[in-house]
Amino acid sequence: MTGDHLLGLVLVNLLFLAAGLGVTGASGWWRGVAGLRGALGLSYLAGVAAFGITAQLLYVCGAAMVVWQVVLVCAVFALATIRALRRPAGEMVLQRSRQPFRFAALGIVLMAALIGVDLWYQPLWAYDSWTFWTPKAHALWALHGLDAGWFTQADLTSRDYPILLPSVEAAGFHVTGYETSLLDIQSLFFAVAFLRAIYEACAGRARSALLWAPLAMLVVAPSLTDQLAAAEADVPVAALFGASGLAAALWLRERHRGSLCVAAVLAAGASATKVEGLVFTAALFITLAAVARAATPLLAGVAAVVAGVLPWRVWLELHHIPNQGSYSRLGAGYLANHVARVPESAAYLLVKMLDPRAWLLLVPLFLFVLWRAWLERRSPLPAFAAGTFVLAFGGLVLAYWSTRLGLHYQLTTSARRVVTGIVFFGAALTPLLAEAA
């Protein structure tokens, strides 16, 4: 891996950022040059989501997604940036930061840089990365599209998993060549953008030092560094879901239509990344609709699921690929015979979220601030945070309850990773809950 490879990866991610600035600019998330500078993190995630779900659709339709097609898709989304730059500040989601620059910010930046140096020298070593995530990306690049003969082969692990992440990685391969050592650096882009998105959305709304606490704990969390080096889909889906929850929370507070649009785009990206993303999306928008007592969030959630999941599911059905997800094989008799899995799975997942050797005190901090905000009863935000947390957690428990594989094997190999989305969601909402408290 050389500096030229890294430069190519940076250029691809700048394309995603340009696409995302168009998405967020069109929604009214930011306006003017000053607003653009303050919307980089969430715009990058929105750009990856928009590109990923579009690329998945185009792959299903037979496109090869070579370099000029990648550039064209991003350029189409980026066109809305021109209008957003020309519009006066007016009403927008972003607010001027009330947080002075602190040494905490410098520490967070330095830690992210150190992680980047570490990842630069790490090989790609994770089992799932080598068995299906990276091979799918390589096939999209090397075979110039969604080759049915390759993607339907019986010995391919997790054939039914959606392809947003392989699409993003394949776009990088078209520029950098097949360089697998760059994939963990690509994961770092997701994590850094998520940290930036929390700061951008909360710095103008939260006066508390609790803005810095979740950011600092996230960047030094041992589990995050470990998952970044694995270059699997858990950090990307967690970043997209956490950012979607953040945008949805701002819509609940301020009812700016653009926030709900951005939340739907990010949720569509999460749904197109992993099966858990679909579970998290359902939990988020069902809770949002119930707390807001409005049908609009449900419509946004349905649109997100349709955009992120439907094209891929149609392709799977046309090629007779079975859905390996546990939910497709639910049966009352089977669940009744395995009901003992519920407390065991719930306890194991909670331990993984609360383990300070993995996530420090991120989840205890979120739960404490949530409790304090709930006692105040001044805002619907605590109900939204609690409802989404419980439903997302319940969805994971249901997956382990209904699995046909050995429960112990499933828990020990995946539980530490699948809770990442819930952890990121809690970290994103902690500053806003602190302000509500």
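Hey, what number do you get for the chain at 222 nm if only DSSP H runs of n ≥ 4 count, each worth -39500 (n - 2.57), divided across all residues, to the nearest 500?
Dividing the helical sum by the residues of the chain leaves -23500 deg cm²/dmol.
Determine the shape class of the stretch 21-174: with a ≥ b ≥ c the square roots of the Cα gyration tensor eigenvalues, call it rounded for a/c under 1.5, and otherwise prolate if a/b is greater than b/c, oblate otherwise.
oblate
Using only the alpha-carbon atoms of the chain, report the extent along each of the three principal axes, biggest first, to the nearest angstrom.
55, 54, 43
If each residue's Cβ is checked for other Cβ atoms within 10 Å, how do MET111, MET353, MET217 rank with the fewest at the top?
In order of increasing Cβ crowding within 10 Å: MET111, MET217, MET353.
Rounded, prolate or oblate: which fits the stretch 289-437 when a ≥ b ≥ c are the square roots of the eigenvalues of the alpha-carbon gyration tensor, with rounded for a/c under 1.5 and prolate only if a/b beats b/c?
Since a/c reaches 1.5 but b/c is at least a/b, the shape of the stretch 289-437 is classed as oblate.
Using the basic label-point model (7 angstrom from Cα toward the beta carbon), what is the ARG37 to ARG378 distance in nanometres?
3.2 nm
How much length would be gained if the chain were fully extended between ALA63 and TRP130, taking 0.36 nm per residue of separation minus their Cα-Cα distance, in nm to one decimal?
21.6 nm
Separation between the ALA148 and ASP355 pseudo-spin-labels, each 7 Å from Cα along Cα→Cβ, expressed in nm?
Placing both labels 7 Å beyond Cα along the Cβ direction yields 4.4 nm.
Taking a ≥ b ≥ c as the square roots of the Cα gyration tensor eigenvalues, with a/c under 1.5 meaning rounded and otherwise prolate when a/b beats b/c, else oblate, which class fits the stretch 209-248?
Taking the square roots of the gyration eigenvalues as a ≥ b ≥ c, the stretch 209-248 is oblate.
Restricting the calculation to Cα positions, tell me the Rg (one decimal) and the Dmax (whole number) of the stretch 95-220 in Å.
18.7, 56
Bins of 5 Å, beginning at zero and ending with the bin holding the largest distance: percent of Cα pairs per bin for the stretch 229-337, please.
It works out to 2, 13, 20, 20, 16, 13, 10, 5, 1, 0, in whole percents.
Applying the Karplus parametrisation 6.51 cos²θ - 1.76 cosθ + 1.60 with θ = phi - 60° to the phi angles of the stretch 361-373, what ³J(HN,Hα) value in whole Hz is obtained for each residue in order, glycine and proline being reported as x?
Karplus-based 3J(HN,Hα) across the stretch 361-373 equals 10, 4, 6, x, 5, 4, 5, 5, 5, 4, 4, 5, 5 Hz.
So what does log10 I(q)/I(0) come out to for the stretch 118-187 at q = 0.21, 0.22, 0.25 Å⁻¹, using the Debye formula with one equal point on every Cα and no solvent?
Listed by q, the Debye log ratios stand at -0.88, -0.95, -1.18.
Give me the number: length gained by fully extending ARG255 to ARG83, i.e. 0.36 nm times residue separation minus the C-alpha to C-alpha distance, one decimal in nm.
Extra length from ARG255 to ARG83 when fully extended: 59.7 nm.
If I model the stretch 151-287 as equal point scatterers sitting on the Cα atoms and use the Debye formula, what is log10 I(q)/I(0) at q = 0.09 Å⁻¹?
Debye curve over Cα of the stretch 151-287, log10 I(q)/I(0) at q = 0.09 Å⁻¹: -0.31.
Step through the residues of the stretch 428-437 one at a time and calculate ³J(HN,Hα) from phi using the Karplus curve (6.51 cos²θ - 1.76 cosθ + 1.60, θ = phi - 60°), rounding each to whole Hz and writing x for Gly and Pro.
Result, ordered by residue: 5, 8, 4, x, 5, 5, 4, 5, 5, 8 Hz.
Give me the one-decimal nm value for the distance between modelled label points at TRP371 and GLU317, 7 Å along each residue's Cα-to-Cβ direction.
It works out to 4.7 nm between the two label points.
Using the Karplus equation 6.51 cos²θ - 1.76 cosθ + 1.60 (θ = phi - 60°), what ³J(HN,Hα) coupling, rounded to whole Hz, does each residue of the stretch 123-133 give in order, writing x for Gly and Pro?
With coefficients 6.51, -1.76 and 1.60, one gets x, 7, 10, 6, 4, 5, 4, 7, 8, 8, 5 Hz.
Just how large is the dipole of the stretch 346-437 about the Cα centre, in debye to the nearest 20, putting +1 at every Lys and Arg Cβ and -1 at every Asp and Glu Cβ?
180 debye
What is the magnitude of the charge dipole of the chain about its Cα centre, with +1 placed on the Cβ of each Lys and Arg, -1 on the Cβ of each Asp and Glu, and no other charges, expressed in debye to the nearest 20?
1600 debye
Please compute the net charge surrounding LEU40, taking Lys and Arg as +1 and Asp and Glu as -1 over other residues with Cβ under 11 Å from its Cβ.
Charge balance near LEU40 sits at +1.
Quote the relative contact order of the stretch 195-304 in percent (integer), defining contacts as alpha-carbon pairs under 8 Å separated by 6+ residues.
Averaging sequence separation for qualifying contacts and normalising by length gives 21 percent for the stretch 195-304.
Where does the stretch 32-87 land on Rg(C-alpha)/(2.2 N^0.38 Å)?
So the stretch 32-87 has a normalised radius of gyration of 1.30.
Read-outs throughout are calculated quantities, based only on the coordinates presented, and are distinct from any laboratory measurement. Predicted model only: the values in this text are computed from it and were never measured. Neighbour counts are summed over all protein chains in view; Cβ atoms, including those assigned to glycine, are modelled from backbone coordinates with ideal geometry.
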